[in-house]
Amino acid sequence: MAAASALIKFKFPFRFLLLRRFSESPAEPVTMETSLPFSAHKCDPPPRSVTTSPSELLSFFRNMTVMRRMELAADSLYKAKLVRGFCHLYDGQEAVAVGMEAAITRRDAIITAYRDHCIYVARGGSPFEVFAELMGRRAGCSKGKGGSMHLYKKDASFYGGHGIVGAHAPLGCGIALGQKYSKEGTVTFMIYGDGAANQGQLYESLNMAALWDLPVVLVCENNHYGMGTAEWRASKNPAYYKRADYVPGLKVDGMDVLAVKQACKFAKEHVLQNGPIVLEMDTYRYHGHSMSDPGSTYRTRDEITGVRQDRDPIERVRKLILSLELASPSELKDIEKEVRKETDEAIAKAKESPMPDPSELFTNVYVQSYGAEAFGPDRKEVKADLP
Amino acid sequence: MDRIMLSFARRKVLCGKFSASVLGKAFERIPRATYPSTRNYSSSLKEMTVRDALNTALDEEMSADPKVFLMGEEVGEYQGAYKISKGLLDKYGPERVIDTPITEAGFTGIGVGAAYYGLRPIVEFMTFNFSMQAIDHIINSAAKSNYMSAGQISVPIVFRGPNGAAAGVGAQHSQCYAAWYASCPGLKVLSPYSSEDARGLLKAAIRDPDPVVFLENEILYGESFAVSPEVLDSSFSIPIGKAKIERGGKDVTITAFSKMVGYSLQAAEILAKDGISAEVINLRSIRPLDRATINASVRKTNRLVTVEEGFPQHGVGAEICASVVEESFEYLDAPVERIAGADVPMPYAPNLERLAVPQVEDIVRAAKRACYRLVPKSAAA
């Protein structure tokens, strides 16, 4: 369907057939239309015509495959009891992470909630660091002290990883305040879910963001279920892109990585001139809310299979690459095999990393502790001067 | 020598005719003529209100570091609900003195986010009662972030505002939050008493790289204290985590913070007339708590009275008592006495309000009990 409606303009298609290695694909621009039009609220939507390149499309395929493999591996690790506590998986939603990253720089900030493994990787983190953190090892990105919900990469402007639903909404607006205050010309993408979309503090911070023209893009990853509650049972108005009322909004097919890229590019430019905008990404998660949720008590297996067949973001890009003859099916299979191998190696390496040293119990409580004391459960037994 | 003169001068101020009424009348100003000894030193013991102390501290720190900014309700055009931020909007402009809508959860989160980014926000709560709307951000977004991120995300933020009982403002506007915030690892909790405390601790808090909860007191804003030139210098600051011995003594230790320090000093005067020498410790820092100073004092005096305005159960005094029992048990000659606010929501009627907060006579009575010198008051109904 994508091929049928795609408007393809590029020279000498046969050239690509001759290429054996995808990494030699040129950056020659390729233009195509998004699969669905954008719906707009109080703004003019961006054009459906998106510019990409063969190398970008192949990188989309690879990056989404890495994310998919990582999340499925995390599922296995959780079932093997190597990962404890909470584990919220992102498989199905990869196009949002990858498309957003393609539209912005590493100085633009991203903040999200607890479904953060793939955003961390999109920002330049490695699956090894994610696996190590999930397993609570010292090689983890938060040295084993954060866990699944608390992955951060400040050098890539990724501010986490937050466990309290909706709490990171004002935090994201605050980061945007910092960017505006410092006159950086950068923006913040604050990602929340349809479950958080009813939170009061979201509207409090939206009001201030609009009042003060903060460069923040509010991205609602609408996977249609807030934990086990379908959006129509939780929200009187589930048209989340319209919920910001006086702030413009755009509804985007979140399973189409090119649409996501287009919308994020549009949003970044908009926000630098005009203050906040809402992007509602229509997406889907294959797993339940977390590993403790089978995900099938509040939705049918047919629904899940249906999305997988018709809208899977990786399959969509695969079909696009094949129809444009940018790579052969076996080349794509090779990429998948390579990614699988890398993932397995990352897991093996992460398993070798030891648990944090017991002295790490008392590190990072403060930046500057002035030698204050802290106590363990038996204060006569375990006591430390905070480093 | 200046410090001794300073504390002498301060005691002189407190010795004036003062009735420890809950309405907190300003200390009577003693005319210069009764400060004979200070004449021998430089005439530089200025008087400064706590309000001015806070205002000048904010001004100087904002001037020194362009990343410092203030946000809160009425901090800008209104000049501050209690005029603490007077003049700052004119001087620094609306980008650095931000009037917020009445949405604590939202603006506190925005402040914390700005701190994540690397700015140094000061978030003002009109009173700490309203901080409960934002407490998730103070604890979960601010206090825990440096730990959860293993040092990647530090939060150099100050949350400040009046704490505890004011006068006649009723149950929802009178709670003391020292114990709640001070129980949380990752936060620093400070509570000044005098102008010197206000200046030094606020400057230290703003310069500190960690989240600091700064508990002021509305009644104290108008109080004047003598301040030395050292205090007035823009580089002045007070170390966090160190208590101050406001008055030395040998018979009983009294710990207090904020307004209760003033009450304790008055109680010490009254006790002195009865031959009891009380050592008054101004905690200054509720977290980290200066257990070393408190325990050293108790090891000297062997008796302890803790004083606070907040609710007694799980309060600051309970922690101090536990610390002393754990570390200095053999030195105690009497059970630890706790003076705290009454275990009730704050009533409105002035006679009930007076019964709900500690008075000087309560501190005196408890100290005498600790010294086994009391004829007990008959129990209330």
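Summary table
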quantity	calculated
From A:M190, A:M208, residue being more than 8 Å from every other protein chain (Cβ to nearest Cβ) and in contact with a helix residue (DSSP H, G or I) (Cβ under 9 Å, 6 or more places away or on another chain)	A:M190
Flag for A:Y120 being within 11 Å of the chain's Cα centre (by Cα) and either assigned by TED's automatic domain parsing to the domain that holds A:L258 or assigned to a helix (DSSP H, G or I) (or both)	yes
Failed item in (1) buried (at least 24 other Cβ atoms within 10 Å of the Cβ); (2) without any contact (Cβ under 8 Å) to a residue 60 or more places away in the chain, with B:F329 passing the rest	(1)
Whichever residue in region A:158-187 is among the small types (G, A, S) and out of contact with any Phe, Trp or Tyr (no Cβ under 9 Å at 6 or more places or on another chain) and, among such residues, is nearest to the other protein chains (Cβ to nearest Cβ)	A:A167
Given (1) of a type outside the set (S, T, N, Q); (2) surrounded by 14 or more Cβ atoms within 10 Å (Cβ to Cβ); (3) without any contact (Cβ under 8 Å) to a residue 40 or more places away in the chain; (4) within 14 Å of chain B (Cβ to nearest Cβ), number of the condition A:D334 does not satisfy	(4)
Restricting region B:74-90 to residues that are at negative phi and in contact with an Asp or Glu (Cβ under 7 Å, 6 or more places away or on another chain), the residue that is surrounded by the most Cβ atoms within 10 Å (Cβ to Cβ)	B:V75
Some residue of region B:60-79 being more than 14 Å from chain A (Cβ to nearest Cβ), in contact (Cβ under 8 Å) with a residue 60 or more places away in the chain and not small (G, A, S)	yes
Subset of region A:349-387 that is in contact with a helix residue (DSSP H, G or I) (Cβ under 6 Å, 6 or more places away or on another chain) and more than 17 Å from B:C184 (Cα to Cα) - its residue that is farthest from the other protein chains (Cβ to nearest Cβ)	A:K349
Search result, residues across region A:152-161 that are touching a strand residue (DSSP E or B) at 6+ places or on another chain (Cβ under 8 Å) and of a type in the set (A, V, I, L, M, F, W, C)	A:F158
Residue match in region A:307-322 (condition: on the phi > 0 side of the Ramachandran plot and surrounded by 22 or more Cβ atoms within 10 Å (Cβ to Cβ))	no
Any pair with Cβ under 6 angstrom, 6 or more apart, that starts in region A:33-48 at a residue that is at negative phi and among the basic types (K, R) and ends at one that is assigned to a loop (DSSP other than H, G, I, E, B) and surrounded by fewer than 18 Cβ atoms within 10 Å (Cβ to Cβ)	A:R48/A:P37
All positions within region B:138-152 that are facing another protein chain (nearest Cβ under 7 Å) and either under 20 Å from B:G106 (Cβ atoms) or aromatic (F, W, Y) (or both)	B:N140, B:S141, B:Y147
Filter result (more than 10 Å from every other protein chain (Cβ to nearest Cβ) and surrounded by fewer than 24 Cβ atoms within 10 Å (Cβ to Cβ)) within region A:196-205	A:A196, A:N198
Count of residues meeting criterion [in contact with an Asp or Glu (Cβ under 8 Å, 6 or more places away or on another chain), among the small types (G, A, S) and either surrounded by 24 or more Cβ atoms within 10 Å (Cβ to Cβ) or farther than 16 Å from A:A74 by Cβ (or both)] in region A:140-167	8
Yes/no for B:I286 being farther than 25 Å from B:D210 by Cα and crowded, with 21+ Cβ neighbours inside 10 Å	no
Filtered residue count, region A:53-92, keeping only those that are touching a His at 6+ places or on another chain (Cβ under 8 Å) and either free of Cβ contacts under 8 Å to residues at least 40 places away in the same chain or not assigned by TED's automatic domain parsing to the domain that holds A:G163 (or both)	0
Subset of region B:201-214 that is buried (at least 24 other Cβ atoms within 10 Å of the Cβ) and away from every other protein chain (no Cβ under 14 Å) - its residue that is nearest to the chain's Cα centre (by Cα)	B:F214
Within region A:211-224, considering residues that are within 11 Å of chain B (Cβ to nearest Cβ) and aliphatic (A, V, I, L, M), the one farthest from A:D256 (Cα to Cα)	A:L211
Tabulated pairs, region B:275-288, first outside any strand (DSSP E or B), second among the basic types (K, R) and surrounded by 23 or more Cβ atoms within 10 Å (Cβ to Cβ), C-beta under 8 angstrom, 6+ apart or interchain	B:P288/B:K188
Residue that is farthest from the chain's Cα centre (by Cα), among those in region B:125-156 that are under 30 Å from A:A139 (Cβ atoms) and hydrophobic (A, V, I, L, M, F, W, C)	B:A150
Per-region count, region B:338-354, residues without any contact (Cβ under 8 Å) to a residue 24 or more places away in the chain, assigned to a helix (DSSP H, G or I) and of a type outside the set (S, T, N, Q)	1
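Residues are listed down the side, and each one gets a yes or a no for (1) at pLDDT 95 or above; (2) surrounded by fewer than 19 Cβ atoms within 10 Å (Cβ to Cβ); (3) not in a helix (DSSP H, G or I); (4) not acidic (D, E):
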residue: B:A272; (1), (2), (3), (4): yes, yes, no, yes
residue: B:T306; (1), (2), (3), (4): yes, no, yes, yes
residue: B:E309; (1), (2), (3), (4): yes, no, yes, no
residue: B:I320; (1), (2), (3), (4): yes, no, no, yes
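The values are calculated or read from the model by the stated rules, or taken from the named source; none is laboratory data. Because the structure is predicted, anything quoted here is derived from the model rather than measured. Virtual Cβ from ideal backbone geometry, glycine too; neighbours counted across all protein chains shown.
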